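**Student:** Here you go, one structure.
The values are calculated or read from the model by the stated rules, or taken from the named source; none is laboratory data. Please read all numbers here as calculations on a predicted model, not as lab measurements. Cβ placement follows ideal geometry from the backbone for every residue including glycine, while neighbour counts extend to all protein chains displayed.
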Amino acid sequence: MAVTREHLSAGTLGASQLIANQSSPGTLVHTVPASVKDEVYLYAYNFHSADLEITIELGSNSAAKDRIAVTIPFDEGLFLVVPGNTLGAAQTVHVFCVDQANVISIWGHVNRDDT
């Protein structure tokens, strides 16, 4: 089993991604390549002037069972919002914030298992 640490696929070499979408499907953050499994770690930062709730869509953006809602306090640093959930080939991660666009940044990485 070979496990490697990788950047999120929709980002640029580990840079943060702004969450622009305010409804489902959210802003695409990561797509798992074919024939691998990714253990996903996401951190959120809120630089708005109030606490905001984000919704993370793990694996599917159409099923309520695949959504996690998390309130991110404003200006209090990075918050772990996905603590290593494992997704399989071709599954995606999307994030949206209903109340405000472009004030939540997402950072993260995946631990990729290619077996």
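**Student:** Scan (1) surrounded by fewer than 21 Cβ atoms within 10 Å (Cβ to Cβ); (2) assigned to a strand (DSSP E or B); (3) more than 12 Å from the chain's Cα centre (by Cα) for the single condition Ser23 breaks and write down its number.
**Tutor:** All conditions pass for Ser23, except number (2).
**Student:** Can I ask one more? So, in region 89-115, exactly how many residues are farther than 11 Å from Gln22 by Cα and either modelled with pLDDT under 95 or polar (S, T, N, Q) (or both)?
**Tutor:** Of the residues in region 89-115, 9 are farther than 11 Å from Gln22 by Cα and either modelled with pLDDT under 95 or polar (S, T, N, Q) (or both).
**Student:** Quick one: which of Gly84, Gly77, Gly59 is of a type outside the set (D, E, K, R), under 14 Å from the mean Cα position of the chain (by Cα), surrounded by fewer than 15 Cβ atoms within 10 Å (Cβ to Cβ) and on the phi > 0 side of the Ramachandran plot?
**Tutor:** Exactly one of Gly84, Gly77, Gly59 is of a type outside the set (D, E, K, R), under 14 Å from the mean Cα position of the chain (by Cα), surrounded by fewer than 15 Cβ atoms within 10 Å (Cβ to Cβ) and on the phi > 0 side of the Ramachandran plot, namely Gly84.
**Student:** Then there's this: With respect to Thr12, is the statement that it is among the hydroxyl-bearing types (Ser, Thr, Tyr) and touching an Asp or Glu at 6+ places or on another chain (Cβ under 7 Å) true?
**Tutor:** Answer is no for this residue.
**Student:** Let me ask you something else. The conditions are (1) touching a Ser or Thr at 6+ places or on another chain (Cβ under 8 Å); (2) in a strand (DSSP E or B); (3) farther than 17 Å from Ser49 by Cα; (4) of a type outside the set (Asp, Glu), and Ser105 fails exactly one of them. Which is it?
**Tutor:** Failing condition for Ser105: (3).
**Student:** Right, something else. Give me the residue from region 26-43 that is more than 10 Å from the chain's Cα centre (by Cα) and of a type in the set (A, V, I, L, M) and, out of that set, farthest from Gly84 (Cα to Cα).
**Tutor:** Ala34
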